[in-house]
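What follows is calculated from the coordinates using simple rules that are stated; it is not laboratory data. This is a predicted model, so every value here is computed, not measured. Backbone-built Cβ (ideal geometry, glycine too); neighbour counts: all protein chains shown.
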Amino acid sequence: MPYAPSDGARLWYEEAGTGHPILFLHEFGADHRDWEDQMRFFSREYRCIAYAARGYPPSDVPTDPGLYGQDFSVADAVAVLRHLGIARAHIVGLSMGAFAALLFGIRHPGMASAIVAAGVGSGSPRAEQAAFRAQCREKGEALIAQGWAGAQAEETGHSPTRIQLRKKDPRGWAAYMERLAQHSGPGTGLTMKHYQGERDSILDWEAELRRMTVPTLLAVGDEDWPCIEANIFLKRVLPNAGLWMHPRTGHAINLEEPAAFNAAVQSFLSTVERGRWSLDAAG
């Protein structure tokens, strides 16, 4: 199995296609498999790479809590690209992965030719942050103790921003739930406590975001309530970003609306590659 070495963990990855690279970063309640629709679609024209984050088998599951957090999420993305000899790539992330994608753009702008940040920003509003962090600690402890059997998976799959998938695509929702039940309790629990629950608010990055000029597409469902305010903030402060909102859609926008999501991302990447994304461009 292919692994990329990173600090404290080996990261399992898969790739398909040839061309300019796209690196996919998955959300907390998913793994590399949840990018399958995108891997199949974009590998027709791009070299697509998806990897399982640390804590998500077949990647390593460190037992040291100090080996989880937002800094590792960015360092892991860099490690995968460097392992594959890739100097620059499009970075596409959802939720936890979108958070990492934006931080990647801040810290390594020369390695990002474009960024797609989908469903980013939960827990960022000041009024919600303390409750969000407490909830992450509580859920993390429960996952470490109980894993994803029973209530944990059911609660996630029926949450207000995920039930849309079940209503639209029961078969796809069932497949998602099957994958969710296979996740590592300790790995996701430590991720929830020390990455999700201890990460910055993206509002803290305002100065850095105002300086980040990487072409960026913000994607959000109009029923992904915890993320809408954060996306409006990002649209306001990112100098080279567009905001795409899909109607009647929750959090897992790439699973709920794969055709629309793929089309929006394809159009964005095409515009960037033709040098026509920036509204400040001459001509």
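A few comments on the model shown:
- Exactly one residue out of Leu234, Leu238 is crowded, with 22+ Cβ neighbours inside 10 Å, free of Cβ contacts under 8 Å to residues at least 60 places away in the same chain and not polar (S, T, N, Q): that is Leu238.
- Answer residue from segment 241-256, given it is more than 20 Å from Gly105 (Cα to Cα) and without any contact (Cβ under 8 Å) to a residue 60 or more places away in the chain and is surrounded by the fewest Cβ atoms within 10 Å (Cβ to Cβ) among those: Pro247
- Leu11 meets each of the listed conditions (1) outside any helix (DSSP H, G or I); (2) of a type in the set (A, V, I, L, M, F, W, C); (3) under 25 Å from Leu165 (Cβ atoms) apart from (3).
- Considering residues of segment 10-38 that are crowded, with 23+ Cβ neighbours inside 10 Å and among the aliphatic types (A, V, I, L, M) only, the residue farthest from Glu198 (Cα to Cα): Ile22
- Within segment 194-222, residues that are over 25 Å from Leu255 (Cα atoms) reach partners that are buried (at least 21 other Cβ atoms within 10 Å of the Cβ) and among the β-branched types (Val, Ile, Thr) with beta carbons closer than 7 Å, at six or more positions or on different chains, in the pairs Val214/Ile115.
- Some residue of segment 110-119 being assigned to a helix (DSSP H, G or I) and surrounded by fewer than 22 Cβ atoms within 10 Å (Cβ to Cβ): yes
Results for (1) assigned to a loop (DSSP other than H, G, I, E, B); (2) out of contact with any strand residue (DSSP E or B) (no Cβ under 6 Å at 6 or more places or on another chain); (3) aromatic (Phe, Trp, Tyr), shown as yes or no for each residue.
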site: Glu45; (1), (2), (3): yes, yes, no
site: Cys48; (1), (2), (3): no, no, no
site: Asp60; (1), (2), (3): yes, no, no
site: Thr63; (1), (2), (3): yes, yes, no
site: Asp71; (1), (2), (3): no, yes, no
site: Val74; (1), (2), (3): no, yes, no
site: Val78; (1), (2), (3): no, yes, no
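- Test for Ser124: is it more than 30 Å from Gly275 (Cα to Cα), among the hydroxyl-bearing types (Ser, Thr, Tyr) and either surrounded by 20 or more Cβ atoms within 10 Å (Cβ to Cβ) or in contact (Cβ under 8 Å) with a residue 60 or more places away in the chain (or both): yes
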